[in-house]
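The values are calculated or read from the model by the stated rules, or taken from the named source; none is laboratory data. Since we're looking at a predicted model, the values are computed, not measured. Virtual Cβ from ideal backbone geometry, glycine too; neighbours counted across all protein chains shown. Each accessible area value is taken on the protein alone, full model and side chains, heavy atoms only, with ligands, DNA and RNA left out. Shrake-Rupley method; radii C 1.70, N 1.55, O 1.52, S 1.80 Å.
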Amino acid sequence: IPTYTGSAACLKLVESWITDCQATHITHCSGDINQDTQTFIPTRLLFVGDRISSLLRLEDASIPSSHGADVKYIALNYCHNENVPTTHQKLTLDKKDEWKHHMNEKGLPLAFQHAIHLTRQLELNYLWIDSLCIIQDSLEDRDHESRNLGNIYSNAYCTISADSA
């Protein structure tokens with residue numbers, strides 16, 4: 001397995017896994033990766049860009065009219081190291097409005113940057129990362145979103161994992 005997630009070999013490997021899943025795992029997965037509609041969309045998603053722009057921003061994805069029913073997103077699962085102080089950006093109430101216009105990708109942990117890059121390489125527009133999509137200084141939002149974690153991961157087009165962030 002390639003050590004750099006942005007390599008052509010890694011992308012080819014991921015694409016082969018997705019193709020295999022589409023062809024053989026449909027009866028084992030909770031959702032149909034081939035279907036065009038999803039029954040659940042997280043409250044917020046990161047828009048990582050499209051063919052025109054690679055501008056990173058936060059979007060309120062729970063508004064049905066803004067996305068339609070065919071939103072495909074990647075979910076990132078990573079190891080939270082509670083013994084190390086969090087130095088990376090995280091979503092807070094005071095950043096929410098600013099991030100709807102633009103987020104500083106360079107200020108994010110390398111694992112997050114790699115997930116953004118992989119999402120773009122797979123030609124998907126949306127990524128879900130808990131610390132960037134759940135308002136960290138709102139107990140109400142954290143409680144609400146925590147109750148939906150199973151739905152968030154099970155309805156993702158693909159879930160990727162990083163050993164650390």
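If you filter the range 87-100 down to residues that are in a loop (DSSP other than H, G, I, E, B) and open to solvent by less than 50 Å² (accessible area, probe 1.4 Å), you find that the one that is nearest to Thr43 (Cα to Cα) is Leu91.
Under the condition of being more than 15 Å from Gly6 (Cα to Cα) and of a type in the set (Ser, Thr, Tyr), which residue from the range 101-133 is surrounded by the fewest Cβ atoms within 10 Å (Cβ to Cβ)? The qualifying residue surrounded by the fewest Cβ atoms within 10 Å (Cβ to Cβ) is Ser131. Against the test of being farther than 30 Å from Asp20 by Cα and at pLDDT 90 or above, the options His102, His88 yield a single qualifying residue, His102.
Going through the range 134-150 one residue at a time, which ones are part of a helix (DSSP H, G or I) and surrounded by 17 or more Cβ atoms within 10 Å (Cβ to Cβ)? If the condition is that a residue be part of a helix (DSSP H, G or I) and surrounded by 17 or more Cβ atoms within 10 Å (Cβ to Cβ), then Asp141, Glu145 are the ones that fit. For Ser54, the test of being open to solvent by 60 Å² or more (accessible area, probe 1.4 Å), at pLDDT below 90, over 21 Å from Cys158 (Cα atoms) and small (Gly, Ala, Ser) is failed.
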